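**Q** My questions all concern the structure below.
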Amino acid sequence: MPSAPDEFLLDIRALVDAGKKIEAVKRVRQRERCSLRQALQIVDSIECGESVHLNETPDTLDEHHMDAILDAIDRGNKLEAVKLYRDASGNDLRECKEFVEGLMNRLGTRSAVTSKSGCAGSLLLAAIGLIGTIHWLASSLV
C-alpha cells in the first residue's frame, strides 16, 4: 500500500503540533480520499511518529456529511454532530452519541455540553431521540 509523501506528512504533523487536529483530519480525507476513521488513524499515526499506510476500505458516509460532523465538533456543538451523524448513518442514538464522543476524544476536543455538570445534555439527547422516534412512527403509519 502506498505511503503519503514526506512533505504531506510534515504538513499534517505541523497542523497536529499547532493544535489543529481536526484540520489535519480534513486534509488527510481530502487528499487521500479515505474514510473519517482511516483519516483519524493516519493522523494518530503521524502524531505518534509511526509509518502511515493507507487502507482501501471505502467510506460509508459521503464527504459532505463527514465535514459537517467535523465542523460541528470543531465549533463545540456535540449535539449537532450527533444529529448529523444519525441523519447520515441511520444508526440509533446511542451508537451515534458513542461515535461522536469517541471522535471527540481522539481529536482531543470537548463540547460545552460535555464540560458541564448535570443532566441537561442527556435530556437534550433524549429529546432528539424522542423526536426521531415520533417522526419514524408517523412516517410508518402513513
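The values are calculated or read from the model by the stated rules, or taken from the named source; none is laboratory data. Source: prediction; values computed, not measured. Note that we place each Cβ from the backbone using ideal geometry, even for glycine, and neighbour counts take in every protein chain shown.
**Q** Exactly one condition in (1) in a helix (DSSP H, G or I); (2) at pLDDT below 80; (3) surrounded by 11 or more Cβ atoms within 10 Å (Cβ to Cβ) is not met by Ala138; state its number.
**A** Result: Ala138 fails condition (3) only.
**Q** Cβ-Cβ below 8 Å, separation at least six or inter-chain, first residue in the range 97-110 and closer than 16 Å to Ala68 by Cα, second at pLDDT 85 or above and among the hydroxyl-bearing types (Ser, Thr, Tyr): which pairs?
**A** Phe99/Tyr85; Val100/Tyr85
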